[in-house]
Each structure stands twice: as C-alpha cells, then as structure tokens.
Amino acid sequence: MIEKIIGGAYLVDGKTVVTEEAALAGMGIHTTKEEARDHTMAWSILSSHNTAKPTEDNGLLKIKFDAMASHDITYVGIIQTARASGLTEFPLPYVLTNCHNSLCAVGGTINEDDHVFGLSAAKKYGGNFVPAHLAVIHSYMREMMSGCGKMILGSDSHTRYGALGTMAIGEGGPELVKQLCKRTYDITRPKVVGVYLTGKPGHGVGPQDVALALIGATFKDGFVKNCVLEFVGDGIANLPIEFRNGIDVMTTETTCLSSIWVTDEETHRYFAVHGREDAYKKLQPGKVAYYDRMVILDLSKVEPMIALPFHPSNVYTIRELNANAKDILHTVECSAAEQLEAPNLTFKLTDKITADGRVLVDQGVIAGCAGGTYDNLAIAANILADGNTGCDAFQLSVYPASQPVNLALVRSGASEKLLSAGATIRTAFCGPCFGAGDVPANGGLSIRHSTRNFPNREGSKPTNGQIASVALMDARSIAATARNGGVLTSAAEMEYCETIPEYKFDGSIYQKRCYFGWGKPDTDAPLKFGPNIADWPKMQPLTDDLLLRVASVITDPVTTTDELIPSGETSSYRSNPLKLAEFALSRKDPAYVSRAKEVKALETMRLDHTEPEILEDIYRVIRSIAGKEALDAAKTGIGTLVYANKPGDGSAREQAASCQKVLGGWANIAVEYATKRYRSNLINWGMLPFIFADSEMANALPFAVGDWIFIPDIRKAVAEKEDSICAYTVKPDGTKTAFQLKLGDLTDDERQIILDGCLINYYNHAE
C-alpha cells in the first residue's frame, strides 16, 4: 500500500519517479539535485515569500505570509502580546474565528468576554471577525482566504490548505505576533518529501482512511518530521477536492511542517463554486523535481482504517481489528497502562467485545475541519438513509464545519436523512477535537472523524480515575457503524449510493453576519476587556548563571502538548496566564504546579532581596560544587525545568510553554523535540530548549525530580553560540554529577529573545 524511499527521488514530468541518477541520464536528462530541488512547488512558493537576501543570516528563509488566522483560545493572548510589543494595526489580513470556546459553557461570562474582546480588536486594529457557530477556523479559511500560491499562518496546528494550492503552517501564537510586528518567520530551508498518489480509492474508503494509512507509515520513524509534503501523481485526479482536503488537514499528525498539492480543474471548480475563481492558478512541479524523500501510496489498496487509542498513528484496518479484536485490544490496554501511569485507573477495551467477537462502541462523532465537510456528511446521510442508529447506548452526533455547509445539507435533503436516522446535528464547533463536546462516559469508546485521539483530549482525567477512549475513523465507516447499532462496521461491508447532490455554496451567511475590517482600523476604538483577560506578568532577562530545580520528569516516548497543558475545560482560562498555569501538567504530573510555585517563591525572594538566609543555604551548596567562590545572587536566576524524552507532539498552543514560564520555568531538557512548533514556543517565551549532548543519557538520567541543576555562564554560552554547555546536578545528599547539554541551532534573533527573557522583552529591548 505504501512504499517509502529514504534516499531521495526525482520526479520527471510529474509522472515518473526515478531514484538513480544513471537512469535519469538514460532518459537524456542532465541535472543536479541542487538544481532539481528548486523545481518543487514548495520551493516556488517559499522563495516567492522569502524576504531575505541570498547572503543574509546564513541562508535562513525570512517568510512574510499573505494572511493569518486564530481562534478564540489563541487570539486574546496573541493580541495581548502584540499590544505589549507595539502593535498599532494589523499589517496583513488577520481572521479571528470563534469555534473553540463557542459553547460558553463553563467559567461564567469569561468565554463570551473573549468574543467581545476579539470583535473590539478587529475593529481597532483592522481585522475580520467570524462570530461563534458560523464556521470552524479551517473551513472558513479554505472557503474565504485560501488561494493558489499563497502562504497562510495560523495559531492552530491543523492549519493546512495544501490541497487548495496554499502552503499553510500552524504555529504557536508568538510566531503570529512576529508577523503582526512586521517581522518574519525565520526557518532554514525545509526538506521536501514527495507523496506520490496513484490508483483510486475503493468502495467505503474515505479521506480519513488514506490519512491514517499515511500517518501510520510515517509518524513513528519521523520520516517527514518538519518537512513539506508535496502531493503529486496520477491518483490525485481520482479524488474530489474535499477528499483531498480531508487527507491534507491530517498531515499535521505526521509532524510535517506544511503541505502543497498539484492543482487542477477540480481545484479550479472549488474556487469557482465559492465565488473566488481568481484565486486559482495551476501549480505543478517543474519538468524535473528532486525530493529529499518519497512516499508512494496506492489509493486502490487502502482499506477502511481505525486509529486506536491513544494516537492517530496507532492504526489497523477495521477488517483486521474485527478479525483479531481480543489480541489487538489487549495490546492497546497494555500500552495504555504504561502511558497513563495512573495506578488508581482501570482501563479496559476488551470489555467492548460482544459474544460473537465484534466490537461494540458507545458513540460516534463526525466533526470539525477533518470530518465536517459537505461530502463526508452527505455520504454519511446516504449510508443512514432509511436506517436508524438504534435505541440503545450508541449515539451519533454530526457537526457541519460551517453554516454554508449546514445550509447546503438542509437544501440537499441530507440533513433530513441524518435526523430521521437518529443523528443529532450541532453547529460549527471544534469541541469534539479537544474534549469540550460530546465527552464520552467513563470507560466509553467513541469513534470519531476528527483530528486526534490523545488520552486527555476527550475529557478524560486519568489521575482522577476517569478515562474514555477515542478511535479515529472515516465518516463512512462511522455511519455504517451507526446503522449497525454501534457494532464496529467497515463501510466497505455496506452497500450505499456514493453519488451526492452537487454542493452549492451560499456565502451570504458570512456577508450578513461577519465583521470585515481588514484595511479599515479604527485606532480610537476601545478594546473591551472582561475580568478574566489579563496582561502577561513581567518576565526577567536571562541571568549570567541559572539554578534550576527539576520540577517534572516525563519518560514516555512522546509527550503531547495536551499533557503539558490540558485542553477541554482549561480553554476557558486561556486569556489569563496565571489562572491557566494552575492547570499545567495537571493530568500528567499533578504535583508539578506546587513544586514550581515553591521554587518561584525563592526567585521572588531573590528579586526582592528578602529572606537571604534561605537563599544562602542554597548558594552554599552550589559554590561547593561549581567552583564559584562568590556566587552573585543578582546574576543567578532561580527557577524550574521540565524533562521529557520527546515533548511537544500535537497542538500548536503556545500555553504548553508559557504556563511553565509564568510559573518560573527557565528550560526544558529533551532528547529531541517532537515538533518545531513546541520548540519555537519555548524560545519565544524565553525558555532554553536544551537537548542532551549524548542522547544515551536518557537511559540513565543524571537527575530526578527535586534535584537542583546549576548551569554556570549560561548567558555567555547563549550569546557566544557555544556548542556544548556544562551543567551540574546537585542531589539532596550533596552528591554532584556533571553532564553536557546543547541548544541546537538558534538564529541570532532567537538567541536574543532568550537573552531578553521573552518575545515581548525582545521587542521592547529593540525599541
């Protein structure tokens, strides 16, 4: 089904994959890898948005985007940061959507207060505002803002519009702040991985099935990590545009940087239907393009898939699961027991197996940017036509991704089929993707066409003994399962009509309800603050030396941003840095916050010059092991650090880093970082993104929770670009251990941000 070519490959005329240069020469083609690299679609778009001079910053790309987007658990913090950094008006189109906190269900008035703030910011600074329940962020951006050859930056990890010829990147909020402050997105030239699609999907196979197959083949070995995926091949012509969008949005789960697809008449038709025909242009690689790696995926061999808890890469075919349910689900149970580390928790999936060996699920959800498209829901309606979801525990909820999609489903009759079968239709809301809607019961198993199935995203609280499971599937098989009363069923097993009514987009809904303020800032308009919207606390520059207590050690193979700062009910507090920080690591290491606060109190004493005898006891130990005769309290910051093997998989949310920072965090130590997004968030909040100089140290960590780590001359090391940094562990019994750390590649700007203490300080320092 999938072949991976690790050594690189040429693509000739967009059709022929050639792995040997000798074979290329035999075709009468003479070129070099360097020349052919410039002929990818990805490089064409990146180079056209690169503002750097060829000799500037060691070849860094300095990208300026065409537009940006944020939703209502990110835009308040972004605008607050940009205000503190000198924002006067939005210098590029910036869309503020409201699809995460739109239920306004917990926390009193504070969710709607954020929406009021967002509208007032759009008026003051000249932005566009999409009210709650009108569209999920990525549906709106596809419909209204995408364009062939454009680049869009979003503060959500699933910012992907590659199937529409738009290179889109999801990043933490500070990267959007840089654009608002007329700075650039600075990256080394990314590798480009070709994804060659061939064949045609079979009956019952949908976009989520193809996406899960791709994720399963590429995530665990990091095959495409931080690369751009470039989709090519004759199979693309066999995919409707929403099918392509459904694959594309899930590429985030491979940990790639971005994506781009060949465009054709199907792409052209999408823009014409949405009244933006001028946004289309033909995109294709040059005659000979070179890809650093290649994935060849035969669509005809993809079967209906399921990603079992607790990651989108934990994939099986539904056929395989139904044939071996006991063994496969037992394996998942054993893996979960290691991952969850909750001794008071009982996690079972094998109890979902019926007497005849089939798997019975409790809930189905089709939602969001991945599942809630017109095509997915219309086909699900066909599968459920004249059927029903049953009167037992199983329930099915569907969330059209935008009001235009919702209206089209009503006008086509698809909504009637869904409602008649027993499904409930909700509004455009991202909640099921992050645990703020349709939370299953304890012990429940939910099948979802959404983006992720991490252990903390569907409302579970493992440390409190609460756990539910989400498995990812395509809308087609979810509908087939619903028609079968919750018995796990592949859509390939069921006959249904695959023809759906033509989609007709009605954009008047947006014209009647959205605020379009781009290019029309009213600088005298007031910002409207609710009682929960707070400014960022003052942050200190990096000191000469650092004394850090290990506040948490996480030894899981991968740590998600959901484990660093949970989603769900915490979303209500995203506009208040100190209140939100109370939830940091709460479902992974509940004692982290109290440990961090204890150390932060010491730093407060240091800055206020109080309780010197307490600090003197600490400094006495450090002097004895570090050889510093006179440790200067004014130049030695006290804080905490978190260790994780591979942190940062998943969401782009900056709060995974900023919550640590406001609690006194100065650093992370890792073997590697799961995504560029998370490492950038650490840097932009003035935290040191350490990695072990020797990755084998992860097998026998030189520290534990509660140990002190002293890092002398760290400011000098950052400023002078030192490759290796010496650190010392001090254990409670006084024993010490020296070990080496590295910071990896940092741009000059990133080094200055760390030296200044955070991005806000950096901008104020620059002025």
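Here, each number is a calculation from the coordinates, and none is a lab measurement. Keep in mind it's a predicted model, so treat the numbers as computed, not measured. Reconstructed Cβ throughout: ideal geometry from the backbone, glycine too, with neighbour counts over all protein chains shown.
In terms of the mean number of neighbouring beta-carbon atoms within 10 Å, the peptides 210-217, 312-319 order highest first as 210-217, 312-319. Relative to the longest principal axis of the Cα atoms of the chain, the long axis of helix 612-626 makes an angle of roughly 80 degrees.
Neighbour counting of Cβ atoms within 10 Å sorts the residues His158, His609, His115, His49, fewest neighbours leading, into His609, His49, His115, His158.
Each peptide in 665-672, 500-507 was scored by the mean count of other Cβ atoms within 10 Å over its residues; highest first, the order is 665-672, 500-507. Ratio of Rg to Rh for region 164-267: 1.01 [Cα atoms; Kirkwood radius as inverse mean 1/r over pairs]. Net charge dipole, region 441-539: roughly 380 debye, given to the nearest 20, about the Cα centre with Cβ charges of +1 for Lys and Arg and -1 for Asp and Glu.
Anisotropy class assigned to region 434-570 is oblate, per the alpha carbon gyration tensor with a/c at or over the 1.5 cut-off and a/b no larger than b/c. When a/c reaches 1.5 or more, the comparison of a/b and b/c decides; with that in mind, is region 64-185 rounded, prolate or oblate per its Cα gyration tensor? Oblate is the answer for region 64-185, as a/c is 1.5 or above yet b/c matches or exceeds a/b. Label-to-label distance for Asp748 and Thr346 is 6.3 nm, based on points extended 7 Å past Cα in the beta-carbon direction.
Taken over region 64-185, lysine pairs spaced eight or more positions apart, or on distinct chains, with alpha carbons under 22 Å apart number 9.
If you wrap region 25-122's Cα atoms in a convex hull and average its projection over all directions, what's the area in nm²?
Quarter of the Cα hull surface area: 10.7 nm².
Between Gly706, Met687, Cys659, the Cα set farthest toward the positive side of the dipole of region 648-729 (charges on each charged residue's Cβ, about the Cα centre) is that of Cys659.
Note on the chain: Cα-only Rg and Dmax are 25.8, 83 Å. About its Cα centre, the chain has a charge dipole of approximately 900 debye under the convention of +1 per Lys or Arg Cβ and -1 per Asp or Glu Cβ, with nothing else charged.
Rounded to the nearest 20 debye, the dipole size of region 111-232 about its Cα centre is 460 debye, using +1 on the Cβ of Lys and Arg and -1 on the Cβ of Asp and Glu. Dimensions of region 545-766 based on its C-alpha atoms, expressed as ranges along the principal axes with the largest first, amount to 48, 40, 38 Å. Computed with the Debye formula from one identical point scatterer per Cα of region 512-591, without solvent, the log10 of I(q)/I(0) at q = 0.14, 0.17, 0.20, 0.21 Å⁻¹ comes to -0.78, -0.95, -1.08, -1.12. For the chain, the longest principal axis of the alpha carbon atoms and the long axis of helix 403-412 meet at an angle near 20°. When a/c is below 1.5 the answer is rounded, else prolate if a/b is larger than b/c, else oblate, so apply that to region 564-603 with a ≥ b ≥ c taken from the square roots of the Cα gyration tensor eigenvalues. Oblate is the answer for region 564-603, as a/c is 1.5 or above yet b/c matches or exceeds a/b.
Mean projected area of the convex hull spanned by the Cα atoms of region 1-40, taken over all viewing directions: 3.3 nm². Summing charges over all other residues whose Cβ lies under 12 Å from the Cβ of His71, with Lys and Arg as +1 and Asp and Glu as -1, gives -1. Remark: for residue pairs Lys220/Lys661; Lys646/Lys676; Lys635/Lys742; Lys348/Lys461, the C-alpha separation exceeds 18 Å in Lys220/Lys661; Lys635/Lys742. With the helix formula -39500 (n - 2.57) applied to DSSP H stretches of n ≥ 4, the chain reaches a computed 222 nm mean residue ellipticity of -9000 deg cm²/dmol. Viscosity 0.692 mPa s, temperature 37 °C: what is the translational diffusion coefficient of region 305-504 from Stokes-Einstein with a Kirkwood Rh over Cα pairs, rounded to a whole number of µm²/s? Calculated translational D: 195 µm²/s. Packing order of peptides 33-46, 723-736, 218-231, highest average first: 218-231, 33-46, 723-736 (average count of other Cβ atoms within 10 Å over each peptide's residues).
Per the Cα gyration tensor, region 218-312 maps to an equivalent ellipsoid with semi-axes of 25, 18, 14 Å, ordered largest to smallest. Taking θ as phi - 60° and the Karplus parameters 6.51, -1.76 and 1.60, the scalar couplings of region 673-686 work out to 9, 5, 9, 4, 3, 5, 4, 5, 4, 4, 4, 5, 9, x Hz in sequence order, x denoting glycine and proline.
Projecting the Cα atoms of Ala289, Thr254, Leu212 onto the charge dipole of region 197-309 (Cβ charges, centred on the Cα centre) puts Ala289 farthest toward the positive pole.
Here the Karplus relation 6.51 cos²θ - 1.76 cosθ + 1.60, evaluated at θ = phi - 60°, turns the backbone of region 298-314 into coupling constants of 8, 4, 5, 9, 6, 10, x, 10, 9, 9, 7, x, 10, 6, x, 8, 7 Hz, with x for every Gly and Pro.
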